[in-house]
Amino acid sequence: MKTLFLLCFTMSLWGQNAALVIQLKHIKVGYGLQLANAFGNGKVNVQTRPDSPGLVLSGPPELLAVIESAIRKADVPLTPAPNVELTFYILAGGEGANGGPLPEDLSGVTKQVKGLLGMAGLKMVESIQIRTRAGSGGEASGVMGKSVGNPSYYQLRFGEVLVEGEPGARFLRLGHLKFGGKIAIGQNYVETGFNTDVDLRDGQKIVIGKSSLDTSGTPFFIVVTGKVVE
């Protein structure tokens with residue numbers, strides 16, 4: 001009778017528990033462990049496989065099924081973030097501004113600037129191109145234009161660029177954009193610039209800031225355009 005009782009008790013425990021091996025393909029073992037422990041609620045024993053990236057689980061079948069479903073949903077290839085190509089143009093206003101001719105693709109923006117502010121002319125001082133991944137930031141620095149004597153410097157930085165919307169109707173969001181310049185005035189340098197957040201449509205060109213290049217009040221404008229690179 002005693003032997004029969006022990007046998008029945010062992011069979012009862014065996015019926016309450018099950019074992020499961022899950023082979024991981026894309027996520028790391030550490031993340032798989034976190035998922036298994038979170039959904040196991042302390043009732044599932046989780047071990048790693050020393051010979052391959054997998055998990056060995058034992059516990060109530062209903063919890064094993066929940067864990068397996070959660071891991072299968074998470075264990076998928078990551079969709080790579082798209083690349084974004086950004087171009088910044090530094091334009092100087094006024095007849096006496098130093099710079100070169102404007103690109104043809106800026107004609108629409110320059111007409112707006114001239115119309116709104118009554119600028120007699122705009123010239124290209126510098127163009128800056130940055131390619132980065134969506135969700136990441138970027139920065140660039142250099143000499144502004146072809147300076148004679150003491151050069152003027154610029155520094156451009158943004159915290160991140162986000163891509164929102166579907167193809168054909170995408171928006172780019174530039175966060176914590178900072179443009180700063182060190183303008184040579186005689187033997188001294190004057191710092192100028194601005195901070196802002198910018199939203200623009202994929203391929204759109206917009207004016208994002210205006211400041212001064214020298215003591216005479218020569219204005220310069222920053223124009224940005226961006227596109228998602230597939």
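The values are calculated or read from the model by the stated rules, or taken from the named source; none is laboratory data. Worth saying up front: this structure is predicted, and the values here are computed from it rather than measured. Using ideal geometry, Cβ is built from the backbone for each residue, glycine included, and neighbour counts are taken over all protein chains shown.
Brief remarks on what is shown
- Subset of the stretch 33-89 that is β-branched (Val, Ile, Thr) and in a helix (DSSP H, G or I) - its residue that is nearest to the chain's Cα centre (by Cα): 71
- Any pair with Cβ under 8 angstrom, 6 or more apart, that starts in the stretch 70-82 at a residue that is under 27 Å from residue 131 (Cα atoms) and ends at one that is hydroxyl-bearing (Ser, Thr, Tyr) and assigned to a loop (DSSP other than H, G, I, E, B): 81/136
- Count - residues of the stretch 136-154 that are at pLDDT below 90 and either under 20 Å from residue 203 (Cα atoms) or β-branched (Val, Ile, Thr) (or both): 2
- Selection count, the stretch 61-102, where residues are over 27 Å from residue 174 (Cβ atoms), modelled with pLDDT under 80 and touching a Gly at 6+ places or on another chain (Cβ under 8 Å): 3
- Those residues of the stretch 206-229 which are in a loop (DSSP other than H, G, I, E, B) and either of a type in the set (S, T, N, Q) or at pLDDT 80 or above (or both), in sequence order: 215, 216, 218
- Selected residue (only one of 201, 173, 157, 133 is surrounded by 14 or more Cβ atoms within 10 Å (Cβ to Cβ), modelled with pLDDT of 90 or more and over 27 Å from residue 108 (Cα atoms)): 133
- Residues that are in a loop (DSSP other than H, G, I, E, B) and modelled with pLDDT under 75, drawn from the stretch 103-124: 118, 119, 120, 121
- Residue check, residue 127 at pLDDT 80 or above, under 28 Å from residue 221 (Cα atoms) and not hydrophobic (A, V, I, L, M, F, W, C): yes
- Checking the stated criteria, residue 57 turns out to be in the same structural domain as residue 21 (by TED's automatic domain parsing), modelled with pLDDT of 90 or more and under 11 Å from residue 19 (Cα atoms).
- Residue within the stretch 27-37 that is in contact with an Asp or Glu (Cβ under 7 Å, 6 or more places away or on another chain), outside the structural domain of residue 201 (by TED's automatic domain parsing) and modelled with pLDDT under 90 present: yes
- Flag if residue 28 is within 14 Å of residue 74 (Cβ to Cβ) and surrounded by fewer than 16 Cβ atoms within 10 Å (Cβ to Cβ): yes
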